Each structure stands twice: as structure tokens, then as C-alpha cells.
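Heads up: the structure comes next, in C-alpha cells.
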Amino acid sequence: MVKTGQEALLKFDYNNCLAELVGPEHGLSQADLDEVAARTPEIAARLAAARAAGKLPYRDLPYQAAQLAAIQKSVRAKKGKYANVVVLGIGGSALGTIAVASACVHPFHNLVADKKRKGPRLFVMDNVDPDQFAALVDMIDVKKSLFVVISKSGETAETMSQFLICRARLMRVLGKKYAANVVAITDTAKGYLRPIAAQEGYETFPVPDGVGGRFSVLSPVGLFPLAMIGVKVDRLLAGAAAMDQACLGDNLRENPAFLGAAIQYLFYRKGKPMSVMMPYSQALRDVADWYRQLWAESLGKIRLSGGREEFVGPTPIKSLGVTDQHSQVQLYREGPNDKVFTLIAVEKFAKDLAIPRAFKGSPGTDYLGGHTMAELMDAERRATTFALTKSRRPNVTITVPAVNEFTVGQLLYLLEVQTSFAGELLGIDTYNQPGVEEGKKATFALMGRAGYEETQREIESLKGAADNIV
Ligand code: PA5
């Protein structure tokens with residue numbers, strides 16, 4: 001699929017979403033694809049112009065050599081000083097780090113012995129559940145912990161409350177020296193976190209201008225904490241750069257990101273508004289979670305059409321192979337045919353286990369002996385693909401040669417560009433999130449922030465009657 005260099009590159013197989021295999025009612029025809037192909041040069045030119053004008057800065061993150069060097073220098077200076085990296089952030093400030101960490105470090109990173117682990121333990125705190133947060137701050141030695149507070153706006157209630165709690169704990173044990181245990185990643189100029197960081201003397205990194213949270217994993221938002229725990233972030237960017245080269249053309253059938261978006265869009269229009277992502281890899285499980293946010297916040301929008309409001313956006317669903325074969329696949333095959341499936345296959349796992357032969361003649365185990373666990377995983381994925389296709393459920397497969405920084409960089413970038421193209425097809429603003437902002441404002445009002453009294457009154461006016469609560 002990607003034609004640059006000799007390195008391991010992703011493949012995108014869309015055979016099973018075509019009418020030839022799932023029938024004309026549920027599959028796409030070449031004419032469907034031709035329709036989007038005809039629009040592609042114009043959309044590609046629009047995206048290229050926006051990029052050239054600096055309006056799509058996430059597209060250039062793979063090439064930020066100076067920022068990468070600054071991050072690596074900072075990480076080197078911290079080597080051996082911290083036992084824990086604690087990320088304080090939510091949404092786009094957290095999900096990318098979780099996704100890449102799950103994919104690129106040891107599956108039980110935090111349990112690996114100190115001497116063998118490639119960096120400090122990682123805790124990404126993306127909630128304000130007091131039980132969970134109290135458990136963390138009570139458990140870790142805050143003196144040996146680096147708190148990375150990440151907020152583009154510098155005012156998200158969840159992140160700021162976590163930060164205030166951690167700062168107070170740090171000050172209690174370290175006094176004024178505590179600032180060495182905090183790194184702030186925030187907007188270059190806007191928001192309240194940057195002046196606080198300057199006043200307190202924290203090291204800072206920028207969330208680049210115009211890069212929204214859900215497109216920020218390849219900026220310092222993801223790169224700094226990931227580099228701290230030993231992820232090869234230069235390879236992550238190299239993978240993204242390779243995918244960028246593959247996504248520059250304006251021929252729909254040769255541009256994997258545009259093709260992926262076109263398929264999703266055409267199925268959305270064809271009465272399949274549910275989009276399931278199902279990696280057959282535990283390591284890629286959180287990529288599906290990251291993508292769920294990217295897809296939902298970018299594409300779930302109100303669109304004005306002829307003065308009328310239309311509510312658009314496919315619903316992303318995360319799933320996991322093989323685990324969800326025993327939980328969701330019954331619905332996927334026999335429930336409403338309103339879904340398009342993206343399976344993610346891994347060609348070569350880093351490790352494999354031979355399944356021993358035993359209980360000769362016992363039909364429940366005999367056929368397994370002599371195979372490997374990777375073979376079983378692959379057979380299960382192919383079995384699901386077959387079962388979905390047989391019941392006329394359109395599905396595509398992205399094949400990752402092996403899970404590592406280079407391929408994960410490709411995958412993230414592919415899905416980001418796919419989202420940009422899908423937004424163009426849907427005719428919405430891919431990069432704003434007014435629906436999230438309303439909830440943030442309401443939280444400020446309910447927590448008594450000055451300036452939000454009008455929102456407080458609106459909340460009161462929308463309250464139902466007490467006798468409708470049982
Ligand atoms: O993608 C987004 O823009 C959001 O999910 C934000 O990342 C999230 O709301 C957190 O915002 P902030 O980084 O401003 O604290």
C-alpha cells in the first residue's frame with residue numbers, strides 16, 4: 001500500500017466491502033467509489049492548500065526535528081531521576097499517549113522490574129474518580145514522580161483539579177523545590193496554565209498552534225511522556241512521515257487515507273452509521289479507543305443545509321479480537337446490518353508460543369497441539385472476516401506487519417488523514433468541538449466559576465420535576 005522505502009508498511013484490503021462479496025444491497029460498487037473518486041482531486045487540493053497555508057498543522061508534525069531534539073534532550077537530563085511519570089490530562093491530551101504506550105512498551109510495563117524497564121512506570125490519569133485518584137497519589141512516592149500536566153486550553157476542570165491536588169502533595173514533601181517534578185504542556189500563548197508554569201518555574205513544552213487535542217499525539221502532548229517511558233518517538237514520527245508520503249496523491253484508489261474515508265462515508269450514506277474498529281492485537285486495543293475519540297469528536301457535528309440543522313456523524317465502536325468474538329460478534333452477524341467493520345491484523349507478533357501436544361486422541365485439544373498462539377489468533381481473525389462476509393457485513397482489514405513505533409506512527413497518521421478527508425465528504429468542520437465546550441461551560445457553572453452565572457440559570461431552567469424521579 002505505501003510505496004516509499006524498504007521498511008515494513010501497512011496494507012489495506014477492501015475486497016470484503018465490495019458488492020462482489022457482500023452483495024449489492026450491502027456492498028459498494030465501483031460506481032460508488034467512482035463517484036467519490038471524481039470529487040477527490042478537488043478535496044485533495046483543498047486539503048493541500050489548507051496545509052500550505054498553515055491551517056492543518058497536524059500534517060507537519062512528523063517533521064518537527066527541533067521539537068523532537070528538545071524533547072530528547074529533556075528526557076536524557078531526567079534519566080534515572082523518576083520512578084513514575086504521571087500524565088494529568090483528558091481526551092486528546094491523554095488517549096494518544098495511552099494508545100502508543102499500550103502498543104510500544106512491554107504489555108505489563110509498570111510491573112517490569114526497575115532495572116529491566118526502559119523508563120519510569122506510566123500512569124495516565126484521565127478521570128476525576130476520587131477513589132482512583134486517591135489510590136494513585138497514596139500509592140506512589142510523589143518525590144520520585146514526574147507529573148506531566150497537559151491541557152491545550154489550560155483550564156479544563158478535570159486536569160486542573162488533578163494538578164492542584166498533585167501540586168499540594170508535592171509542595172508538602174518538597175517545599176519550593178517541587179517545580180522540578182512538574183512539566184506543563186499547553187498552548188504557546190493562550191490559557192491559564194502557561195502563566196502558572198512561568199510563575200512556578202516548570203519546564204514546558206508547547207501544544208502547537210492550531211493542533212487540536214485529538215490530533216496532537218505526534219506533538220509534545222504524546223511525544224514527551226512517551227519518550228520518558230522509553231518509546232522510540234523518532235521512529236513514531238518516521239512512520240507518520242512515511243504514511244504522509246503515501247497520502248499525498250489525489251487518486252482515490254491509490255491514497256489509503258482517502259480510500260478509507262470514502263468507504264466509511266459511502267456506508268454511512270448507505271444506512272450503516274456504525275463503524276466498528278476491531279484490532280486482533282491486545283497491543284493495538286487502545287488505538288481503537290484513541291480513534292473512537294478522533295472519529296466521534298471530529299465528525300459528529302451539526303451541519304446546516306438549506307437553513308435546516310442536520311445531525312451528522314458515524315458512531316465509532318471499539319472492539320477487540322478475539323475477546324469480543326465471545327461478546328459482540330453475535331450482534332455483529334445477526335443484529336441490524338448497520339455497521340461497517342475495520343479489522344486490524346498483525347502479520348508478525350513480537351513473541352509466539354507453541355501450543356504443546358497433549359491428551360492424544362482428545363478432540364477438544366488434539367487439533368491445537370503443534371500450532372502456535374499467533375496461528376490461532378490469525379485463524380480467529382480470518383474466521384471472523386469469513387463469518388462477517390458470509391452474513392453480508394462489509395468489512396475491511398488493515399494489516400500491520402509488526403507492532404512497533406514505525407508501524408504505529410503510520411497507523412495513527414493514516415487514521416488522522418482519513419478523518420480529515422471524511423470531514424470534507426460530510427461537509428462539516430472537522431477540527432472544532434462545540435458539543436464538548438458546552439459541557440465544559442456547564443461544569444464551570446456548576447462548580448461556581450465566576451462569569452458562568454447565565455449558564456447556571458439555564459441549567460436550573462432545564463431541571464425536571466422532583467416527582468419524576470423514583
Ligand atoms: O480533542 C480535543 O480537543 C479534546 O478532547 C481535548 O483534548 C480535551 O477536551 C482536553 O482539553 P484540554 O487539552 O484543553 O485540557
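We did not get these values from a lab; they are worked out from the coordinates using the rules stated. Fair warning: this is a prediction, and the values are worked out from it, not measured in the lab. Cβ atoms come from the backbone with ideal geometry, glycine included; neighbour counts cover every protein chain shown.
Data overview
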read-out	value
Answer from L146, L174, L170 - the residue that is in contact with a Lys or Arg (Cβ under 9 Å, 6 or more places away or on another chain), of a type outside the set (S, T, N, Q), touching a residue at least 40 places away in the same chain (Cβ under 8 Å) and away from the ligand (no atom under 16 Å from the Cβ)	L146
Residue selected from the range 85-100 under the condition surrounded by 24 or more Cβ atoms within 10 Å (Cβ to Cβ) and among the small types (G, A, S), by the criterion farthest from the ligand (Cβ to nearest atom)	A99
Residue list for the range 107-122, filter: over 17 Å from S145 (Cα atoms) and under 19 Å from the mean Cα position of the chain (by Cα)	P107
Wholly within the range 1-86, helices (runs of 4 or more DSSP H) carrying at least 2 residues that are within 27 Å of the chain's Cα centre (by Cα)	30-52, 65-78
Residue that is farthest from M278 (Cα to Cα) [pool: residues in the range 336-356 that are surrounded by 13 or more Cβ atoms within 10 Å (Cβ to Cβ) and over 22 Å from the mean Cα position of the chain (by Cα)]	I355
Cβ pairs under 9 Å, 6+ apart, first in the range 211-222 and farther than 12 Å from I150 by Cα, second near the ligand (Cβ under 9 Å from one of its atoms) and among the charged types (D, E, K, R)	V211/K152; G212/K152; G212/E297; R214/E297
Residue match in the range 150-160 (condition: buried (at least 19 other Cβ atoms within 10 Å of the Cβ) and out of contact with any helix residue (DSSP H, G or I) (no Cβ under 8 Å at 6 or more places or on another chain))	yes
Total residues in the range 192-226, condition within 12 Å of the ligand (Cβ to nearest atom), of a type in the set (D, E, K, R) and in a strand (DSSP E or B)	0
Members of the range 455-470 found to be loosely packed, with under 10 Cβ neighbours inside 10 Å and either on the phi > 0 side of the Ramachandran plot or of a type in the set (D, E, K, R) (or both), listed by number	E460, K463, D467
Any chance I165 is more than 23 Å from the chain's Cα centre (by Cα), within 15 Å of the ligand (Cβ to nearest atom), part of a helix (DSSP H, G or I) and of a type outside the set (S, T, Y)	no
Residue in the range 128-140 that is more than 16 Å from the ligand (Cβ to nearest atom) and not in a helix (DSSP H, G or I) present	yes
Of all residues making up the range 168-191, the number that are part of a helix (DSSP H, G or I) and surrounded by fewer than 20 Cβ atoms within 10 Å (Cβ to Cβ)	11
Verdict on N395 being in contact (Cβ under 8 Å) with a residue 60 or more places away in the chain, under 20 Å from Y268 (Cβ atoms) and touching a Cys at 6+ places or on another chain (Cβ under 8 Å)	yes
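Yes/no matrix, rows are residues, columns are (1) in contact (Cβ under 8 Å) with a residue 40 or more places away in the chain; (2) under 25 Å from N404 (Cα atoms); (3) more than 16 Å from the ligand (Cβ to nearest atom):
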position	(1), (2), (3)
L61	yes, yes, no
I71	yes, yes, yes
A103	yes, yes, yes
H109	yes, yes, yes
D114	no, yes, yes
F123	no, yes, yes
